[in-house]
């Protein structure tokens, strides 16, 4: 299941991330945000972690990532 999501910020400042994409913590300059008590969509781990991310062009957003399989499960605000 691959779904493209654009975060609804100013058009030139939005980052595009695919659900199911491998987490790129260094490329996206990730900072821990929060933990979610919900199941991973891909490996069914019992917890996912939220990160604030920013790409090389300064576009930012928030993603929920499984620490086990390291796939993006959701985009949140």
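List of remarks:
- When 34, 4 are checked against the criterion of being assigned to a strand (DSSP E or B), modelled with pLDDT of 95 or more and surrounded by fewer than 13 Cβ atoms within 10 Å (Cβ to Cβ), a single residue qualifies: 34.
- Residues that are within 15 Å of residue 21 (Cα to Cα) and either exposed (fewer than 15 other Cβ atoms within 10 Å of the Cβ) or within 10 Å of the chain's Cα centre (by Cα) (or both), drawn from the range 37-47: 43
- Sole exception among (1) buried (at least 17 other Cβ atoms within 10 Å of the Cβ); (2) within 11 Å of the chain's Cα centre (by Cα); (3) at pLDDT 90 or above for residue 70, by number: (1)
The values are calculated or read from the model by the stated rules, or taken from the named source; none is laboratory data. Note that the structure is a prediction, hence the values are computed from the model and not measured. When we count neighbours, we look across all protein chains shown, and the Cβ atoms used for this are built from the backbone with ideal geometry, even at glycine.
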